[in-house]
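To start, the structure itself, in structure tokens.
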Amino acid sequence: MEVEPELLARGGVHVAVAGACATITLRRPEVLNAQTPSTWEALRQIGERLAPDVRVVVVRGTGRAFSAGLDTRMFSAEGVPGETGFAEITSAPPGSGDAMIDRFQQGFTWLMTPTLVTVAAVHGHAIGAGFQLALACDLRIATTEAKFTMAEPSLGLVPDLTGTLPLVRAVGYSRAVDICLTGRRVAADEALRIGLVNSVVAPADLDSAVDELVAALLKPAAGATRETLALLASAAEAPTLDEQRAAERAAQLRRLAELRQL
């Protein structure tokens, strides 16, 4: 996988592949892994260039937090040196601002593809863009001291890095309204209770919990995982029973045909 090293360094992103598992680590601990457009571009390119035999992706952060969200210097007139700032987005010609944000979103959307199972390993704060990065993953493991905050509305913005749909799917509309519009911190125990995370572990146990989950996720055949993820994603769109039954039949026939060829 070839992603420009300078882009990875500028965005504070590291990627390592071991067999069928890729681990993406945010590495700007001095700013609690705050994100910039370079972070999102690095993530986008990683998603584009992952080897086809990668089946599981783990996303995590270094230091005291998963990610404190957007680098707040992007709000300033000076911005972040070498990065696209809010002034540039708002002053762009018609359609260009939309295209910029669309490209930012692509750093998150590939984590939702049914060809991969994605896991967020969350410790410390997951704020704003950090929260949305965790939401882009299929599964979330949190440590006992993890806290989730959707800070954008309190800053006069909206969550625009693909977080609104998975948040509503995970916790329901009313809870999503509460979390987004109050900007409150959701602690790990509440996150587990409302379905925002799948499990909560002690900080010292996070690595082993992630390893165990990855091993379990790699046990099913790749095709069975892919088809099951696609079925679950379509079920979340609230199809009719007949539509989902038809999707299940089609998926099973594809699996049987593939198994027959082995």
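The values are calculated or read from the model by the stated rules, or taken from the named source; none is laboratory data. Computed from a predicted model, the values in this text were never measured in an experiment. Heads up, the Cβs are rebuilt from the backbone with ideal geometry, glycines too, and the neighbour counts pull from every protein chain shown. Only protein heavy atoms, including side chains, enter the accessible area calculation; ligands, DNA and RNA are left aside. Shrake-Rupley method; radii C 1.70, N 1.55, O 1.52, S 1.80 Å.
Any residue at all in the range 213-225 that's of a type in the set (S, T, N, Q), surrounded by 12 or more Cβ atoms within 10 Å (Cβ to Cβ) and in contact (Cβ under 8 Å) with a residue 12 or more places away in the chain?
Yes, some residue in the range 213-225 is of a type in the set (S, T, N, Q), surrounded by 12 or more Cβ atoms within 10 Å (Cβ to Cβ) and in contact (Cβ under 8 Å) with a residue 12 or more places away in the chain.
Which numbered condition in (1) open to solvent by less than 10 Å² (accessible area, probe 1.4 Å); (2) small (Gly, Ala, Ser); (3) in a strand (DSSP E or B) is the only one that Ala16 fails?
(1)
Looking at the structure I just gave you, is Glu237 in a helix (DSSP H, G or I) and either of a type in the set (Phe, Trp, Tyr) or farther than 28 Å from Glu41 by Cβ (or both)?
Numbers: in a helix (DSSP H, G or I): no; either of a type in the set (Phe, Trp, Tyr) or farther than 28 Å from Glu41 by Cβ (or both): yes.
Criteria not met by Glu237.
If only one of Ala246, Ala204 is free of Cβ contacts under 8 Å to residues at least 60 places away in the same chain, among the small types (Gly, Ala, Ser) and open to solvent by 90 Å² or more (accessible area, probe 1.4 Å), which one is it? Walk me through it before giving the result.
Numbers: Ala246 fails: open to solvent by 90 Å² or more (accessible area, probe 1.4 Å).
The unique qualifying residue is Ala204.
Of all residues in the range 233-243, which are without any contact (Cβ under 8 Å) to a residue 60 or more places away in the chain and surrounded by fewer than 15 Cβ atoms within 10 Å (Cβ to Cβ)?
Within the range 233-243, the subset without any contact (Cβ under 8 Å) to a residue 60 or more places away in the chain is 234-235, 237-243.
Scanning the range 233-243 gives Ala235, Glu237, Ala238, Pro239, Thr240, Leu241, Asp242, Glu243.
Do you know which residues across the range 2-13 are open to solvent by 80 Å² or more (accessible area, probe 1.4 Å), closer than 30 Å to Ala222 by Cα and touching a helix residue (DSSP H, G or I) at 6+ places or on another chain (Cβ under 7 Å)?
The one that is open to solvent by 80 Å² or more (accessible area, probe 1.4 Å), closer than 30 Å to Ala222 by Cα and touching a helix residue (DSSP H, G or I) at 6+ places or on another chain (Cβ under 7 Å): Glu2.
Is it fair to say Arg64 is in a loop (DSSP other than H, G, I, E, B), open to solvent by 30 Å² or more (accessible area, probe 1.4 Å), in contact (Cβ under 8 Å) with a residue 60 or more places away in the chain and basic (Lys, Arg)?
So Arg64 passes the test.
For the range 188-198, which positions are open to solvent by 40 Å² or more (accessible area, probe 1.4 Å) and either among the hydrophobic types (A, V, I, L, M, F, W, C) or not in a helix (DSSP H, G or I) (or both)? Spell out how you get there, then give the answer.
Residues of the range 188-198 open to solvent by 40 Å² or more (accessible area, probe 1.4 Å): 189, 192-193, 198.
If the condition is that a residue be open to solvent by 40 Å² or more (accessible area, probe 1.4 Å) and either among the hydrophobic types (A, V, I, L, M, F, W, C) or not in a helix (DSSP H, G or I) (or both), then Leu192, Asn198 are the ones that fit.
Considering the range 67-92 alone, what residues qualify as being outside any loop (DSSP other than H, G, I, E, B), touching a residue at least 40 places away in the same chain (Cβ under 8 Å) and among the hydroxyl-bearing types (Ser, Thr, Tyr)?
The answer is Ser67, and nothing else.
Looking only at residues in the range 104-148 that are among the hydroxyl-bearing types (Ser, Thr, Tyr) and over 21 Å from Ala216 (Cβ atoms), which one is nearest to the chain's Cα centre (by Cα)?
Of all residues in the range 104-148, those among the hydroxyl-bearing types (Ser, Thr, Tyr) come to 109, 113, 115, 118, 143-144.
Then drop every residue that is not over 21 Å from Ala216 (Cβ atoms), which leaves 109, 144.
Working: Thr109: 8, Thr144: 20 Å.
Filtering the range 104-148 for residues that are among the hydroxyl-bearing types (Ser, Thr, Tyr) and over 21 Å from Ala216 (Cβ atoms), the one nearest to the chain's Cα centre (by Cα) comes out as Thr109.
Could you tell me whether Glu212 is part of a helix (DSSP H, G or I), touching a Gly at 6+ places or on another chain (Cβ under 8 Å) and of a type outside the set (Lys, Arg)?
no
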